[in-house]
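Visitor: So that we are looking at the same thing, I have put the structure below in structure tokens.
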Amino acid sequence: GSAELAAVGVSVSVFNLVSKLFNVPLLNVTTSFVAEEQAIAAKDDSDSIETSKKVLPSVSTSLVLAAGVGIAEAIALSLGSDFLMDVMAIPFDSPMRIPAEQFLRLRAYGAPPIVVALAAQGAFRGFKDTTTPLYAVVAGNVLNAILDPILIFVLGFGISGAAAATVISEYLIAFILLWKLNENVVLLSPQIKVGRANQYLKSGGLLIGRTVALLVPFTLATSLAAQNGPTQMAGHQIVLEVWLAVSLLTDALAIAAQSLLATTFSQGEYKQAREVIFGVLQVGLATGTGLAAVLFITFEPFSSLFTTDSEVLKIALSGTLFVAGSQPVNALAFVLDGLYYGVSDFGFAAYSMVILGLISSLFMLVAAPTFGLAGIWTGLFLFMALRLVAGAWRLGTRTGPWKMLWSAPEKPE
């Protein structure tokens, strides 16, 4: 039913917001720390034959923190479902209210496996293994697709069945990842160090702040677009969803950049690290340019998949230049994010995002009343362009951890 579908949409938005704030920072920090630790361990053991599983304190620390964060999220989402619906402005007499709370309370049980699975994915990324997480996620989604019709319709659980199917699939994903990780690494190492945990918390805290600053311009853009009425809001939503989805394709380059740079940097292979930087920037520019060309050609037929309303499509197509033309800038900005994380430059990544988010938000507040959606889209483009400029400046001035990359002598063979 429409009320149930809308209720799921609201609940998933709340759940994803919490996940983005707390889980993604843990994923990125884990990737960098594990890549560094693995590289150092591999360098030390290069002349020896491995006969047992690796002991990497970063993996154990990440998994323990993930379990704690996941349990805390589950409790907060379950007990706070009523409050969160109030925050989302869903009134008590709305047909969405009860199913939304019901779905969120059941969905909360999936928080622990999600966070643990993300920590495990970070470890695999640190090993430069992106195949195992892919197989695990595919297996979980296949199970979810099978369970959904059975639990929702055959057994008649409705919206509760949808939540249960998702939670079960999330536990399967976590189980597969931990099972495969346990083949190579001691999951609960006796060498868990308080200092390393503090590094996780400090770096994770910086990235949580960065995520909040990142969400502000996009939330503001949606709010300003909604004030122009449902037709313009619908057109804006098509533009924004396509823009974000295509832009995030280049996030794979950021993951590769982070893992490769963290490995070479921690081993003192600075020449190779510089080659990684220049290589991923070139690939990012080429990828962004290619995406721009494809979107210029295909955005109109692609937009028609979302709606048949001619007025909404007209508004969406007016954003073609924004969607396509910004792709090279977006690609380079995402790659630079991966490079920040690769040398653990979390402080600059966080503080610069706060400043850039504030500047672009102020621009939209001024431009939107006069120029409408064009002012909003220009503000979002400005946000991405400033991220690119800040990253280029950081690399160009060679400050912070980048100073060592260009000035320190190569590690002897």
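The values are calculated or read from the model by the stated rules, or taken from the named source; none is laboratory data. Quantities reported herein were computed from a predicted structural model and do not represent experimental measurements. Neighbour counts are summed over all protein chains in view; Cβ atoms, including those assigned to glycine, are modelled from backbone coordinates with ideal geometry. Please note that ligands, DNA and RNA were not included when accessible areas were found on the heavy atoms of the full protein model with its side chains. Shrake-Rupley method; radii C 1.70, N 1.55, O 1.52, S 1.80 Å.
Visitor: Computed FRET efficiency, Cβ-Cβ of THR130 and LEU321, R0 25 Å: what is it to the nearest 0.05? Don't skip to the end; give the middle numbers.
Guide: Working: r = 33 Å, r/R0 = 1.34.
The calculated FRET efficiency here is 0.15.
Visitor: Region 319-413: which trypsin sites (Lys or Arg not before Pro) are DSSP loop and have at most 13 other beta-carbon atoms within 10 angstrom? Intermediate values should be presented prior to the final figure.
Guide: On the way: sites: ARG387, ARG394, ARG398, LYS403; in loops: ARG398.
Listed in order of number, the matching sites are ARG398.
Visitor: Output the peptides 144-154, 351-361, 54-64 sorted from most to least packed, where packing is the average of other Cβ atoms within 10 Å over each peptide's residues.
Guide: In descending order of packing, they fall as 54-64, 351-361, 144-154.
Visitor: Say each of PHE83 and ALA252 gets a label point 7 Å from the Cα, pointing the same way as Cα to Cβ; how far apart are those two points in nm?
Guide: 4.1
Visitor: Could you check the spin-label model distance between LEU215 and ASN228? Points 7 Å from the Cα along Cα→Cβ, value in nm.
Guide: 2.5
Visitor: Same structure, new question: Using a 1.4 Å probe on the protein chains only, how many percent of the accessible area of the chain belongs to carbon and sulfur? Walk me through the intermediate numbers first.
Guide: Values: 13310 of 19240 Å².
Whole-percent figure for carbon plus sulfur exposure: 69.
Visitor: Follow-up question, since we're still on this one. Only Cα pairs under 8 Å and at least 6 apart count here; give the relative contact order of region 2-194 as a rounded whole percent.
Guide: Values: 238 pairs, mean separation 62.7, N = 193.
After rounding, I find 32 percent.
Visitor: Could you point to the label whose value was computed as semi-axes √(5λ) of the Cα gyration tensor in Å for the structure here, given (i) 36, 30, 19; (ii) 33, 26, 20; (iii) 64, 31, 20?
Guide: (i)
Visitor: Over the chain, calculate the relative contact order: mean separation of alpha carbon pairs under 8 Å at least 6 apart, over the residue count, as a percent.
Guide: Working: 547 pairs, mean separation 80.6, N = 413.
Rounded, it is 20 percent for the chain.
Visitor: For the pair SER310 and GLN272, how long in nm is the line joining their label points, each one 7 Å along Cα→Cβ?
Guide: That separation, rounded to one decimal, is 6.1 nm.
Visitor: Measure of size requested: the Rg and Dmax of region 2-194, with Cα atoms as the atom set and Å as the unit; please supply both.
Guide: 19.1, 69
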